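The values are calculated or read from the model by the stated rules, or taken from the named source; none is laboratory data. This one's a predicted model, so the numbers in the text were calculated from it and none came from an experiment. All Cβ positions, even for glycine, are placed from backbone atoms using ideal geometry, and neighbour counts span all protein chains on display. Note: accessible area is taken over every heavy atom of the protein model, side chains too, but ligands, DNA and RNA are not part of it. Shrake-Rupley method; radii C 1.70, N 1.55, O 1.52, S 1.80 Å.
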Amino acid sequence: MVAACGMVMRQGGTRRNVRILLVGEHGVGKTSLILSLVSEEYAEEVPSKAEEITIPADVTPEQVPTHIVDYSAAEQTNDQLSEEIQKAHVICVVYSVEDEDTLDRVASYWLPLIRQCSTTNRCPVVLVGNKIDLVDYSTIEAVYPIMKEFSEIESCIECSAKTLQNISEMFYYAQKAVLHPTTPLYDYDTQELTEECKTALRRIFKICDLDNDGLLNDMELNTFQQWCFNTPLQPQVLLDVKAVLSKNIADGISEGCVTMNGFMYLQCLFIQRGRNETTWAVLRKFGYDNDLQMSKEYVNPPLKVPAGCTTELSHKGHEFLAVLFMQHDRDHDGALSPLEMDMLFSRCPSPPWGDEYRYMVTTNEKGWITFQGFMAQWAFITLTNVRKTVEYMAYLGYNMYNNECQTNAINVTREKKLDLAKKQSSRNVYSCHVIGPKSSGKTTLCRTFIDPMLEKLKPEIVPPNAHVTVNTVHVYGQEKTIVLRDINILNVQDALSPGQIQCDAAALVYDASNPKSFEYIARIFIKYFADSKIPVLIVANKSDLTEVKQEYLLQPASFCNKYKLMPPQPYSVTRTVRREIFVKLATMAAFPRFQAAWVLFYKHRHMKQFGLIQGESVVWWKAGLGLAVATVAGFVVMRVLNTDKR
């Protein structure tokens, strides 16, 4: 944790190279400094300008290729100077310690010019006082006011091109100003960390606080050390850290653990002692760039999703989110209160969802998201906006928990055409569209998926845009997540968009008590689904009311028979058992174009009514196994019969 106590630092930064530009008044020794560094001896004959020099990575302290560029007023124009300033990663402004006018020009001309030329991102600056071999005093005191006025000045060093004193150190400081800049981390005026730095370190602390108790215990500190610096935390180093905190800050240690304030103090101490690289190693390990923003490469790593494939949480992704939920469910009531939810997402720039979750997934009687609802919400986001899931996995700290890229939290499924060919899907999340005429009850059907008794979802409080409900069901003993999308169409003449048609299974809902209701879904089926490979389930809603004859060419049962669909499924909100309809949809989605699996489920319902089947998941598993055995047995018998005939 503490670099001064012998910790191994992670080398390097976010840049692949460093470009150093030397500027200053004529005669201050810019070219001599470059030549002395390269040749390791002072050159009596010096050209007006040195050619650009590249120092290989393996001979630089930071292991980064370094380009050193000289400037000469005699050979270059002001436009060329401006261009070089804009290309530079760091600028060394050189003055002569024996010539006070050259130092005055640093503040009056060179620093304002550098600011003017680098308007988008302020270029870090190192002040270099050359020719200290000619004087017996230091100019550092005179430099302090300049450093206070120009915050882009990272450091100041005095050196001598003639005696080679501090030459290599000068270029090291220049490299360091690029790779480990102080300005984003520390405010010299207030002697404190910047607000951006504090925000980043708070997030890091919360991620490392694995048990969510607001403290970093010895195990958590060692995990942090191992993650950031690839080395365990030695017991003596840990004792030294706690001793430093106990001595210098009142609330740095609590119950033998490091507090948030103690963690902040340590990072501030590193910077004050010139060990910026330690704090930067931590920040970069957690995804921050030089502007203390989460880098795009860290937040959005490449993830290829071929056409026809979908995305869902992998086992590791599911496990990570489950652990987060348990950590933040402080009262262990199986739901996250608004405060607990805020604490969980305090690691993120903003929550991944708003209050719409109350109408999309299961909540408790207080409207708080349950564990089942929490996981369903993430399943929905991963299916519909996988980039968002990948981004928030980075914010939440998946990379540290599993020591791998957050794309491993995502499972890219195989192409749907392969599922159709095999008549079975290995996926766990399915999209089902619910389509029907106005007043057919399709919206209520969708709401009962997450609130079977319709106790919380009153029509007057449900937003008009709450058209998705997500929950889990079991298909032959396996848990599947179903995303029900309520497709709102006013007239049968209105064309459906591809996004409204494409799904894993469709439920076409009509009002069994309305004679004009079935015609709507019949026309929808013929127009959009008859020739598609999307499984379709016809739902006869409001079956508690008197069923009437439909004003259509075919009655619902005959229509289903003609198009080889399952018979219309009766449904009513007054019935005690309602999940059966959703399990049927899930079964059809999981076994696309496999009619035998659907019929088996349909028969299972009637067998259960006569007491021939008891239990749910175990029986379904046995039924599925029985279907497979029967199919194989039938195939063997046919082979035997054919052999006998020969």
Requested in this report: Only Lys, Arg, Asp and Glu count, each charged at its Cβ (+1, +1, -1, -1), so figure out the dipole size of the range 86-217 about its Cα centre, rounded to 20 debye.
Outcome: 620 debye
Query raised in the report: At 222 nm, what helix-only mean residue ellipticity would the chain give, in deg cm²/dmol to the nearest 500, using -39500 (n - 2.57) for each DSSP H run of four or more?
Result: -12000 deg cm²/dmol
Report task. Heavy atoms only, probe 1.4 Å: what % of the accessible area of the range 198-278 goes to carbon and sulfur, would you let me know? Result -> 53 percent
Requested in this report: Heavy atoms only, probe 1.4 angstrom, no DNA, RNA or ligands counted: give me Arg105, Arg16, Arg347 ranked by accessible area, highest first.
Outcome: Arg16, Arg105, Arg347
Query raised in the report: Just in the range 349-439: which GluC sites (Glu not before Pro) are loop by DSSP and have at most 12 other Cβ atoms within 10 Å?
Result: Glu365, Glu404
Requested in this report: Check the straight Cα-Cα distances from Lys542 and name the aspartates and glutamates below 18 Å, setting aside those fewer than 8 residues away within the same chain.
Outcome: Asp451, Asp486, Asp511, Glu519, Glu551, Glu580
Requested in this report: Could you tell me how many degrees, from 0 to 90 and to the nearest 10, lie between the Cα long axis of helix 580-590 and the main elongation axis, the longest principal axis, of the Cα atoms of the chain?
Outcome: 60 degrees
Query - Unit charges at the beta carbon, dipole of the range 336-472: most positive-side option, Leu420, Thr382, Gln372 - result: Leu420
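For a Förster distance of 22 Å, can you work out the FRET efficiency between the beta-carbons of Ala307 and Asn408, rounded to the nearest 0.05?
The calculated FRET efficiency here is 0.50.
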Query raised in the report: Which whole-percent values make up P(r) of the chain when all C-alpha to C-alpha distances are grouped in 10 Å steps starting at zero?
Result: 3, 13, 18, 16, 13, 12, 10, 8, 5, 2, 0, 0
Report summary line: If one compares the long axis through the Cα atoms of helix 195-208 with the longest principal axis of the Cα atoms of the chain, the angle in degrees, nearest 10, works out at 50 degrees
Report summary line: Given a Förster distance of 22 Å, the FRET efficiency implied by the Cβ-Cβ spacing of Arg122 and Ile53, rounded to the nearest 0.05, works out to 0.30
Requested in this report: Over the range 69-213, average the accessible area per residue using a 1.4 Å probe and give it in Å², no decimals.
Outcome: 46 Å²
Query raised in the report: Expressed as a rounded percentage, what relative contact order does the chain have, with Cα pairs under 8 Å and six or more residues apart?
Result: 9 percent
**Report entry** Per-residue SASA entry for Met326, accessible area with 1.4 Å probe, Å² rounded to 10
**Finding:** 110 Å²
Query raised in the report: How large, in percent, is the carbon and sulfur part of the accessible surface of the range 480-573 at a probe radius of 1.4 Å?
Result: 52 percent
Query raised in the report: P(r) of the range 332-396 in 5 Å steps, Cα pairs, percent per bin?
Result: 4, 18, 28, 27, 18, 5, 1
Query raised in the report: Residue farthest toward the positive end of the dipole of the chain, with Cβ of Lys/Arg at +1 and Asp/Glu at -1: which of Met326, Gly287, Pro437?
Result: Pro437
Query raised in the report: What number in nm² do you get for the range 199-295 if you take the convex hull of its Cα atoms and divide its surface by four?
Result: 6.1 nm²
Query raised in the report: How many percent of DSSP beta bridges within the chain run antiparallel, rounded to 5?
Result: 35 percent
Query raised in the report: Given the pairs Lys422/Lys480; Lys316/Lys417; Lys30/Lys176, which are separated by over 23 angstrom at their Cα positions?
Result: Lys316/Lys417
Query - Net charge of neighbours whose Cβ lies under 14 Å from the Cβ of Met260, counting Lys and Arg as +1 and Asp and Glu as -1 - result: 0
Query - Residue (of Pro184, Val38, Cys208) at the positive-pole extreme of the chain, dipole from beta-carbon charges - result: Cys208
Query - Set Lys416/Lys562; Lys247/Lys296; Lys366/Lys438; Lys296/Lys533; Lys438/Lys564 screened for pairs whose C-alpha atoms are more than 28 Å apart - result: Lys247/Lys296; Lys366/Lys438; Lys296/Lys533
Query raised in the report: Using alpha carbons only, how many degrees (0 to 90, rounded to 10) separate the axis of helix 276-285 from the longest principal axis of the chain?
Result: 20 degrees
Query raised in the report: To the nearest 10 square angstrom, what accessible area does Ser82 show with a 1.4 Å probe?
Result: 30 Å²
Query raised in the report: What is the extension gain from Ala43 to Glu149, computed as 0.36 nm multiplied by their sequence separation minus the C-alpha to C-alpha distance, in nm to one decimal?
Result: 34.6 nm
**Report entry** Dimensionless Rg ratio for the range 62-209, taking C-alpha atoms and the 2.2 N^0.38 Å reference
**Finding:** 1.15
Query raised in the report: By the scheme Lys and Arg +1, Asp and Glu -1, what is the net charge of all other residues having a beta-carbon under 13 Å from that of Leu221?
Result: -4
Query raised in the report: Of the heavy-atom accessible surface of the range 83-181 (probe 1.4 angstrom), what whole percent is carbon and sulfur?
Result: 46 percent
